[in-house]
Amino acid sequence: MQTITAQLSAAFAKAIHAAFGIQADAHIAASANEQFGDYQSNAAMGLAKSLKKNPRAVAEEIKAKLDLAHMASEVSIAGPGFINIRLNPTWLATQATSLASDPQIGIGKVSDPEIVVVDYSGPNVAKEMHVGHLRSTIIGDAISRVIEFQGNNVIRQNHVGDWGTQFGMLIEYLRKQGFTGGQLEIQDLEEFYRQAKKSFDDSPEFQAQARARVVALQSGESFEFAAWQDIVVETRKSYQPVYDNLSVLLKSEHERGESFYNPFLAEVVAELKLKGLAVESQGAIVVPTEGFENPLIIEKTGGGYLYATTDLAAIRYRVRELHANRIIYTHDSRQAQHFAQVFQVARKAGFAPPEVSLEYAPFGTMLGEDGKPFKTRTGGTVKLKDLLDEAEERAQKIVDEKNPELPEAKRAEIAHAVGIGAVKYADLSKDRTSDYVFSWEKMLAMDGNTAPYLQYAHARIRSIFRRAGERGINYQPGNIQLESPFELALGKHLLKFSETVELVSRELRPHYLCTYLYELATKFSGFFENCPVIQSEGNVRTSRLTLCALTAQTLAIGLDLLGIGHPEQM
Ligand code: ARG
């Protein structure tokens with residue numbers, strides 16, 4: 001099934017061609033003011049300029065050639081030359097009916113699937129994940145799910161920070177402590193890391209030894225390599241449960257940490273030199289980039305590669321080996337310059353040919369209620385694990401109060417979905433580019449644009465079907481009728497789901513989906529309060545139950561795409 005926008009666009013393009021003999025973009029958008037219609041095109045205004053004609057006259061000519069068959073009940077011209085379309089309720093009802101029998105609810109699998117690499121999460125080894133990694137992890141995961149649902153081949157890549165000079169000091173520190181392998185714990189590692197850093201900063205002798213350890217590690221010496229592996233394995237043990245708890249689809253097979261690219265770094269630098277892009281500067285190897293004051297450093301003075309070198313190798317690998325058509329990064333906006341420079345160099349070097357799209361989807365900072373970056377009361381970094389535990393505890397209290405009659409295990413299950421869902425949704429529902437304030441009260445509220453509100457809306461619809469069953473009503477999907485304004489509003493909104501998903505996939509902004517779902521739940525409320533469902537009869541009841549089922553399914557799929565649970569009961 002094509003989206004309404006796509007169907008209208010095609011009809012407009014035909015009309016423009018018939019009227020003026022040219023191919024032009026129709027610019028269809030959902031109308032900002034429903035009073036004027038459901039969709040609007042501003043094509044006439046753009047065309048008027050190039051045709052040197054009056055825009056209203058151009059609009060009239062397009063309108064005269066426009067063949068919308070049964071789609072529209074009214075086409076009108078407004079203002080300087082907007083063409084407004086009011087959709088025909090009967091046509092909308094047939095569209096909604098076919099949506100209800102489609103398991104993908106209108107999201108056809110793309111005809112030309114792309115290979116899309118999504119680089120997200122990227123925690124750092126020897127450190128526990130903190131809230132700073134939360135945004136990358138859940139935004140990247142939602143984006144991956146959406147693009148995958150469209151039928152593309154998504155390759156998740158967890159670019160773990162598992163390589164670099166910090167391992168030299170860590171290994172040197174462990175060696176001094178008489179470490180012989182095995183016995184490591186993440187909490188200890190964090191402490192070791194602090195101690196190692198201190199020794200490194202204080203003692204030139206330690207520094208020199210740490211550097212020697214890096215060299216030994218990079219050339220695969222057994223002690224260093226084994227110690228490094230122990231550290232990596234131990235850290236992974238700390239973040240995998242966080243992913244599982246968050247229902248984030250990252251597994252160990254998606255992990256391609258910085259160390260993976262180590263064997264390619266020398267080649268990358270050589271290739272950049274050969275192409276005349278890399279030059280020597282004060283002993284280091286750098287690539288000058290346009291629009292930036294400093295060049296991109298790819299090899300340090302005295303040897304050693306950098307974060308940027310690894311990212312260049314990663315792009316090269318993703319294009320050459322993974323055959324990516326699109327490479328997406330969801331990382332902190334503080335890395336904007338890094339990615340801009342890396343992308344520029346990757347283009348010039350041909351690591352990323354022009355047909356491969358490189359996209360950086362940055363996000364702002366998570367703030368505490370004091371408006372400052374989110375910290376513990378004492379000013380420390382908040383560990384992700386503690387934050388998620390608190391979310392579940394808080395949700396558990398709410399669920400226990402609301403549903404004391406449910407068995408304990410059920411309540412725990414709901415609390416998990418609500419607590420984790422609330423944290424994820426609070427983040428995903430904001431435009432990612434801005435900072436946002438983390439507030440327990442707001443995210444756990446049962447009304448407003450929150451996960452619990454949507455989960456409750458979904459559970460409430462599921463309960464309608466349980467009640468129907470108890471009354472012996474055997475539900476079978478049937479024809480949808482959109483008679484009352486409430487049914488019509490709900491039906492129209494249901495038909496916008498696929499457009500919303502396309503928008504999220506294109507602009508990499510999950511909050512469009514959240515806003516859509518919130519509006520869906522609101523429109524459903526309006527419908528449910530005004531249109532009796534179980535109390536009605538015959539075709540009307542079938543139609544309304546089908547609308548209920550389609551709404552529940554859309555909410556469930558929408559929440560799935562955000563990686564948020566939707567319990568049957570709440
Ligand atoms: N480890 C990095 C950090 O904590 C994130 C990795 C981002 N991905 C990348 N390809 N550079 O900031």
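Where a number appears in this text, it was derived from the coordinates with a stated rule and is not lab data. What you are looking at is a predicted structure, and each value in this text was computed from that prediction instead of being measured. No Cβ is skipped: glycine too gets one built from the backbone with ideal geometry, and neighbour counts run over all protein chains shown.
Worth a mention:
- Partners for Lys385 among aspartates and glutamates (Cα-Cα distance below 16 Å; same-chain residues under 8 apart left out): Glu128, Glu185, Glu190, Glu234, Asp244, Glu393
- Fraction of beta bridges assigned by DSSP in the chain that are antiparallel (%, nearest 5): 55 percent
- Net charge of neighbours whose Cβ lies under 14 Å from the Cβ of Ala18, counting Lys and Arg as +1 and Asp and Glu as -1: 0
- Across the chain, Cα-Cα distances exceeding 33 Å account for 54% of all pairs.
- Expected 222 nm ellipticity per residue - DSSP helices of 4 or more, -39500 (n - 2.57), all of the chain, to 500: -17500 deg cm²/dmol
- Legend: residue pairs Lys14/Lys65; Lys397/Lys430; Lys397/Lys442; Lys14/Lys63, Cα-Cα distance threshold 18 Å; pairs beyond threshold, Lys397/Lys430.
- Kirkwood Rh in Å, taken over all unlike Cα pairs in region 1-78: 12.7 Å
- Rounded to the nearest 20, the size of the Cβ-charge dipole of region 1-130 about its Cα centre is 560 debye, with Lys and Arg at +1 and Asp and Glu at -1.
- Think of the chain as having a plus end and a minus end, set by charges on the Cβ of Lys, Arg, Asp and Glu; of Leu555, Phe179, Ala278, Leu555 sits farthest toward the positive end of this dipole.
- The label-point distance for Ile534 and Asp188, in a model that sets each label 7 Å from Cα toward Cβ, rounds to 6.0 nm.
- Calculated FRET value between Leu367 and Gln476, using beta carbons and R₀ = 35 Å, to 0.05: 0.10
- Farthest towards the positive end of the charge dipole of the chain, among the residues Tyr453, Gly108, Tyr239, is the Cα of Gly108, using unit charges on the Cβ of Lys, Arg, Asp and Glu.
- What you get for the chain, charging only the Cβ of Lys and Arg (+1) and of Asp and Glu (-1), is a dipole of about 1160 debye around the Cα centre.
- Close Lys pairs in region 75-206 (alpha-carbon distance under 17 Å; sequence gap of 8 or more, or different chains): 4.
- Farthest toward positive dipole pole in the chain [+1 Lys/Arg, -1 Asp/Glu at C-beta], among Val131, Gly478, His331: Gly478
- Our estimate of slack between Asp447 and Lys375, defined as 0.36 nm per intervening residue step minus the Cα-Cα distance, is 23.2 nm.
- The charge dipole of region 100-204, taken about its Cα centre with unit charges on the Cβ atoms of Lys, Arg (+1), Asp and Glu (-1) only, comes to about 160 debye.
- Mean separation of Cα contacts under 8 Å (6+ apart) over length of region 323-406, as relative contact order %: 28 percent
- Region 513-568 versus region 84-152: alpha-carbon centroid distance in Å: 19 Å
- Close amide H partners of Leu367, meaning residues 5 or more places away or on another chain with modelled amide H under 5 Å apart, are Phe374, Tyr436, Val437, Phe438.
- For the chain, the relative contact order is 15 percent, taking Cα pairs closer than 8 Å that sit 6 or more residues apart in sequence and dividing their mean separation by the residue count.
- Short-range pairs are left out: with C-alpha atoms under 8 Å and at least six residues apart, the relative contact order of region 1-110 is 25 percent.
- Reduced Cα scattering model of region 292-445, Debye log10 I(q)/I(0), q = 0.19, 0.21 Å⁻¹: -1.10, -1.21
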